[in-house]
Amino acid sequence: MIKIDANTSGVIHDLVSRSSKITTVSHTHPDGDAVGSSVAMACWLKSLGKDVACIFPDSIGSNLEFIFPSDIRKSTIVCTEDPKGAEARIGESDLIFCLDFNAFNRTEGLAGMLASSKAPKILIDHHLSPDAASFDVCVSETAVSSASELAYYVLMTMPETGGKASRLPAGSAKALMAGMTTDTNNFANSTYPSTLRMASELLDAGVDRDSIVAEINWCYGENRLRLIGTAMKDLMTITPDGVSYIILDKATLDRYDVREGDTEGLVNMPLAIRGVRMSIMLKQDEGYFRVSVRSKKGTSANTLAKESFNGGGHELAAGGKLFFPKDIASPEDAAAYIEKVTKDFFAR
Ligand code: 5GP
Ligand code: MN
């Protein structure tokens with residue numbers, strides 16, 4: 001049961017009231033929850049007359065653009081595209097909302113800027129092990145669907161909303177529904193009573209969920225489906241321990257012209273197989289693979305990501321990186337590495 005305590009809520013409201021330039025920051029490779037929670041806070045702050053900007057460490061998938069109202073999109077900075085703009089904005093911010101990440105290193109290029117910024121920082125996040133010392137206010141709760149859900153309950157405690165979803169700016173309501181819907185994979189996982197309550201209240205307030213679900217599910221190019229076909233038919237390996245892994249190397253990514261967002265959800269698919277306990281997907285990048293890990297209850301994706309892939313996340317959904325030549329000599333060694341670390345993981 002989520003309860004944002006009155007003291008925390010009061011401190012957040014005071015900080016907002018005293019600030020005029022307020023910035024939201026979220027994690028690298030922003031997903032629907034990163035964008036949804038950021039846009040929701042930005043729309044609310046804008047409705048209070050604040051000068052607002054959203055900053056993301058790197059590019060936003062085109063499938064998530066629908067979450068942005070045009071004015072918020074205009075004041076959004078992508079650090080890899082405009083590092084000086086990001087640095088200037090963080091430097092001049094009176095207050096920073098940190099959304100959907102638990103430690104500065106999850107913001108990559110923004111991490112140093114955040115560490116040297118003197119502005120108070122408010123964390124709203126649902127990952128394990130928040131680095132509480134980096135933040136002035138921590139709203140961190142793992143038994144929720146998403147950062148968007150936590151942001152919703154924070155906003156409900158603000159005097160401007162007075163617990164009524166109908167008083168949220170329309171842009172906030174839509175973004176919160178979108179962020180929660182993507183992080184729960186449309187209510188397939190991490191769905192709590194508070195999640196359904198939020199969804200119900202947002203529906204009551206007039207959010208058009210059908211159009212959000214259509215934007216999320218029907219926004220892809222043909223290339224994504226062709227890639228999924230190849231991944232399932234030719235690239236998926238299942239180990240005797242019930243670990244499925246798929247390696248998307250550079251040649252495959254080029255062949256299907258894979259862009260940010262095109263592989264969304266692919267790592268979940270092998271869990272459909274009864275005997276599969278864990279699913280791992282690797283995506284080649286410069287000098288490393290991006291790693292996604294998903295597991296079924298009783299198996300910790302977070303532990304494997306932490307121990308073997310320089311990462312972490314949630315108990316059943318985590319991620320990280322596999323570097324070459326640091327962790328493996330070359331990209332071709334990735335399969336053998338996965339086989340070894342998962343065999344060791346299930347042997348103990
Ligand atoms: P995804 O597989 O969708 O990229 O990420 C799944 C979860 O793992 C997300 O909650 C995300 O925050 C977390 N995650 C992904 N990559 C990393 C990483 O490099 N480090 C950490 N600590 N968490 C990650
Ligand atoms: Mn999230």
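The values are calculated or read from the model by the stated rules, or taken from the named source; none is laboratory data. None of the values given here were measured: they were computed from a predicted structure. Every residue, glycine as well, gets a Cβ built from its backbone with ideal geometry; the counts of neighbours run over all protein chains shown. The area values use the complete protein model at the heavy-atom level, side chains included, leaving out ligands, DNA and RNA. Shrake-Rupley method; radii C 1.70, N 1.55, O 1.52, S 1.80 Å.
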With the stretch 93-199 as the region, which helices (runs of 4 or more DSSP H) entirely inside it contain at least 3 residues that are surrounded by fewer than 20 Cβ atoms within 10 Å (Cβ to Cβ)? 111-116
Could you list, ordered by first residue, the pairs with Cβ atoms under 7 Å in which the first is in the stretch 312-325 and closer than 17 Å to Arg106 by Cβ and the second is open to solvent by 40 Å² or more (accessible area, probe 1.4 Å) and within 13 Å of ligand 2 (Cβ to nearest atom), at least 6 apart or interchain? Gly312/Leu128; His314/Leu128
Those residues of the stretch 65-93 which are among the hydroxyl-bearing types (Ser, Thr, Tyr) and closer than 19 Å to Thr107 by Cβ amount to Ser75, Thr76, Thr80, Ser93
Please state which of the following conditions Val207 fails to meet, knowing it meets all the rest: (1) hydrophobic (A, V, I, L, M, F, W, C); (2) within 16 Å of ligand 2 (Cβ to nearest atom); (3) surrounded by 15 or more Cβ atoms within 10 Å (Cβ to Cβ). (2)
Evaluate the following for Thr8: is it touching a residue at least 12 places away in the same chain (Cβ under 8 Å) and within 14 Å of ligand 1 (Cβ to nearest atom)? no
Against the conditions (1) without any contact (Cβ under 8 Å) to a residue 40 or more places away in the chain; (2) within 17 Å of Tyr153 (Cα to Cα), where does Asp51 fall short? Just the number, please. (2)
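Somewhere in the stretch 270-277, is a residue of a type outside the set (Phe, Trp, Tyr) and within 28 Å of Asp131 (Cβ to Cβ)?
Within the stretch 270-277 (the criterion being of a type outside the set (Phe, Trp, Tyr) and within 28 Å of Asp131 (Cβ to Cβ)), the answer is no, since none of the residues qualifies.
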Name the pairs: first residue in the stretch 25-46 and surrounded by fewer than 24 Cβ atoms within 10 Å (Cβ to Cβ), second residue at pLDDT below 95 and not charged (D, E, K, R), Cβ to Cβ under 9 Å, at least 6 apart or on different chains? His29/Gly61; Asp31/Gly61; Asp31/Gly261
Which of the following residues is surrounded by 17 or more Cβ atoms within 10 Å (Cβ to Cβ) and within 16 Å of ligand 2 (Cβ to nearest atom): Ile77, Ile55, Ile67? Ile67
